[in-house]
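Worksheet: the structure to be examined is printed underneath.
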Amino acid sequence: MSRPAYTPPAYRRVLIKLSGEVLMGDQQFGIDPGFVAQMAQEVKDAKETGLEICLVIGGGNIFRGMAGAAKGMDRAQADYMGMLATVMNALAMQNALEQLGVATRVQSAIEMDKVCEPVIRRRAERHLEKGRVVIFAAGVGAPYFTTDSGAALRAAEMRCDALLKGTSVDGVYDSDPKRNPAAKRFETVSYDTVLAENLKVMDASAVALCRDNNIPIVVFSIRERGNLARVLVGEGTQTTVQQEA
């Protein structure tokens, strides 16, 4: 059987949200340089299709603010520590991308001018126009917001055509597929259904922000090699969260 003809991506600019845990690889903690290099290659392959790419990476492989708060830490202090973890992940990804020849800039919502730029929307626009990947770090720069909310905010701010969430699960299910083998995966699902049924896609504020700005959320497995490029051309396993038809 012949392969279908190549269809170019329907998107011009996307934001890719990666969980920090993805950078651990098979480790229990921290950053696996080999797996970061694999992720960087995925991003490079996607960029070579002509896309403008923004990235947001969580910090859960190093420190998760909510987990710290659950153990008695002040929530705001714990969240700031989590934001710093996302900067570390952003710098690791920047290094991996630039080793592959991909020009990259990191912009942090917490200013630290020795290692990266502050978040400046028009400067980020210029980087994208010049073909650079822009990695947004430190969430929204304030406690009580997750990196999911940071990703949704940057996707809206940068006028992205879609927010792609790469996780260890290949889409959105009606229940936890790790606990329920009969869980059903959605091909498409509405923002309102995700919110009403508390489906574990992103936190509610992130989903609502994408809904209000009509930004589709595409959930797919980033652990499968080459899957990002397949998802961008409408192939591969994925779930799209969007407005009801």
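Ranking 81, 134, 239 by Cα position along the charge dipole of the stretch 13-242, where only Lys, Arg, Asp and Glu carry charges on their C-beta atoms, puts 134 farthest toward the positive end. Dipole size of the chain about its Cα centre, with +1 on Lys/Arg Cβ and -1 on Asp/Glu Cβ: approximately 340 debye, rounded to the nearest 20.
Residue-wise HN-Hα couplings along the stretch 135-143, as the Karplus relation 6.51 cos²θ - 1.76 cosθ + 1.60 with θ = phi - 60° gives them from phi, are 9, 8, 10, 6, x, 8, x, 9, x Hz; Gly and Pro carry x. Each of 23, 84, 209 was scored by other Cβ atoms within 10 Å of its Cβ. Arranged with the fewest first, they read 84, 209, 23. Shown here for the stretch 173-245: GluC sites (Glu not before Pro) in loop regions (DSSP other than H, G, I, E, B) with at most 11 other Cβ atoms within 10 Å, namely 187, 197, 244. Evaluating 6.51 cos²θ - 1.76 cosθ + 1.60 at θ = phi - 60° for every residue in the stretch 84-96, the Karplus couplings come out as 5, 4, 5, 5, 4, 5, 5, 5, 5, 5, 4, 4, 5 Hz, glycine and proline recorded as x. With q set to 0.11 Å⁻¹, the log10 of I(q)/I(0) for the stretch 1-94, from the Debye formula over equal scatterers at the Cα positions, is -0.42. Summed over qualifying helices (DSSP H, 4 residues or more, each -39500 (n - 2.57)) and divided by its residue number, the chain shows a 222 nm mean residue ellipticity of -10500 deg cm²/dmol. Within the chain, what's the longest stretch lacking chymotrypsin sites (Phe, Trp or Tyr not before Pro) that sit in DSSP loops with no more than 14 other Cβ atoms inside 10 Å? Longest stretch, sites excluded: 30-143. For residue 55, the residues whose amide H sits under 5 Å from its own are 16, 134, 135, 136, ignoring neighbours fewer than 5 places away on the same chain, with H placed 1.01 Å from N. For the stretch 138-245, a simple Cβ point-charge model (Lys and Arg +1, Asp and Glu -1, everything else neutral) yields a dipole of about 380 debye relative to the Cα centre.
Relative intensity of the stretch 13-242 on a log10 scale, I(q)/I(0) at q = 0.08, 0.16 Å⁻¹, equals -0.26, -1.14, per a Debye sum over C-alpha point scatterers of equal strength in the absence of solvent. Restricting attention to the chain, close to 15% of DSSP beta bridges with both partner residues there are antiparallel. Distance from the C-alpha centroid of the stretch 104-177 to that of the stretch 185-245: 16 Å, rounded to the whole angstrom. Lysine pair count for the chain (Cα-Cα distance under 27 Å; residues 8 or more apart in sequence or on different chains): 23.
In this structure the amide hydrogen of residue 213, modeled in the peptide plane, comes within under 5 Å of no amide hydrogen from residues 5 or more places off or on another chain.
Pick out, in residue order, every one of the GluC sites (Glu not before Pro) in the stretch 1-105 that is DSSP loop and has at most 14 other C-beta atoms within 10 Å; say none if there are none.
48
All of the numbers you see were taken from the coordinates with simple rules; none came from a lab. The model shown is predicted, which means the values in this text are computed figures rather than measured ones. Please note: Cβ atoms are built from the backbone with ideal geometry, for glycine as well, and neighbour counts cover all protein chains shown.
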